[in-house]
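The values are calculated or read from the model by the stated rules, or taken from the named source; none is laboratory data. Note that the structure is predicted; figures quoted are calculated from it, not measured. Please note: Cβ atoms are built from the backbone with ideal geometry, for glycine as well, and neighbour counts cover all protein chains shown. Surface accessibility is based on the protein's heavy atoms, side chains included, excluding ligands, DNA and RNA. Shrake-Rupley method; radii C 1.70, N 1.55, O 1.52, S 1.80 Å.
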Amino acid sequence: KGNAAAAFRRGDADICLYDKILAVNNRDVEFSTFENVMDQIITSEENDVSLTLGRAPDTITVRWPNGVGVAAKPGDHFCDLAGLAKCKIPYGCTNGGCGTCEQSIVTDKGDQRYVRPCVSRVPKGLKFIDVNP
């Protein structure tokens, strides 16, 4: 009672940095302050707390090896998203020439390819991208 726990298992949930909490146990909190939202979570009479999340339309979920998801827009730099996710990627040249930062990605369409985050951008037309070392 009064405890909220969240688990994110890779590929099992679609939770991203900067998602907004829209409802707590089906009670609208979209325009509430952070403190009010936390009060509703902490003082919940229910054993499980249900959160309804939302994010900007037309975003692509980029899931990093450390388990963090970031809501991205087409054209965002992978290196910037890695920084937001606090996912450490080794860099050498930062211009795509050395390949030190190369990562494997798998898209929601099942495509697998390699990108160099120092120069690569998020492509259009996808729902999610899994980044693998």
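Collect the residues in segment 1-45 that are outside any loop (DSSP other than H, G, I, E, B), modelled with pLDDT of 90 or more and either open to solvent by 90 Å² or more (accessible area, probe 1.4 Å) or closer than 23 Å to residue 132 by Cβ (or both), keeping them in residue-number order.
Correct list: 27, 28, 34, 35, 42.
Need the failing condition index for residue 129 against (1) in contact with a helix residue (DSSP H, G or I) (Cβ under 8 Å, 6 or more places away or on another chain); (2) in contact (Cβ under 8 Å) with a residue 40 or more places away in the chain, just the number.
(1)
Quick grid of which residues meet (1) part of a loop (DSSP other than H, G, I, E, B); (2) open to solvent by 20 Å² or more (accessible area, probe 1.4 Å); (3) in contact with a Cys (Cβ under 9 Å, 6 or more places away or on another chain); (4) acidic (Asp, Glu):
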| residue | (1), (2), (3), (4) |
| --- | --- |
| 53 | no, yes, yes, no |
| 61 | no, no, yes, no |
| 71 | no, yes, yes, no |
| 75 | yes, yes, no, no |
| 117 | yes, no, yes, no |
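Starting from segment 53-67, take each residue that is at positive phi and in contact (Cβ under 8 Å) with a residue 12 or more places away in the chain and list its partners that are open to solvent by 50 Å² or more (accessible area, probe 1.4 Å) and charged (D, E, K, R), counting only C-beta distances under 6 angstrom and pairs at least six apart or across chains.
Filtered contacts from segment 53-67: 67/10.
Quick check on my filter: what residues within segment 100-115 are part of a loop (DSSP other than H, G, I, E, B), under 19 Å from residue 79 (Cβ atoms) and open to solvent by 20 Å² or more (accessible area, probe 1.4 Å)? Full working, then the answer.
Taking segment 100-115 first, the residues part of a loop (DSSP other than H, G, I, E, B) are 100-102, 108-111.
Filter again for under 19 Å from residue 79 (Cβ atoms), leaving 100-102.
If the condition is that a residue be part of a loop (DSSP other than H, G, I, E, B), under 19 Å from residue 79 (Cβ atoms) and open to solvent by 20 Å² or more (accessible area, probe 1.4 Å), then 100, 102 are the ones that fit.
Find all pairs meeting these conditions: Cβ atoms under 6 angstrom apart; at least six residues apart or on different chains; first residue within segment 78-94 and on the phi > 0 side of the Ramachandran plot; second residue open to solvent by less than 50 Å² (accessible area, probe 1.4 Å) and not aromatic (Phe, Trp, Tyr).
94/118
Quick check, is residue 92 assigned to a loop (DSSP other than H, G, I, E, B) and open to solvent by 50 Å² or more (accessible area, probe 1.4 Å)? Before the answer, list the steps.
Values: assigned to a loop (DSSP other than H, G, I, E, B): yes; open to solvent by 50 Å² or more (accessible area, probe 1.4 Å): yes.
For residue 92, the condition - assigned to a loop (DSSP other than H, G, I, E, B) and open to solvent by 50 Å² or more (accessible area, probe 1.4 Å) - is met.
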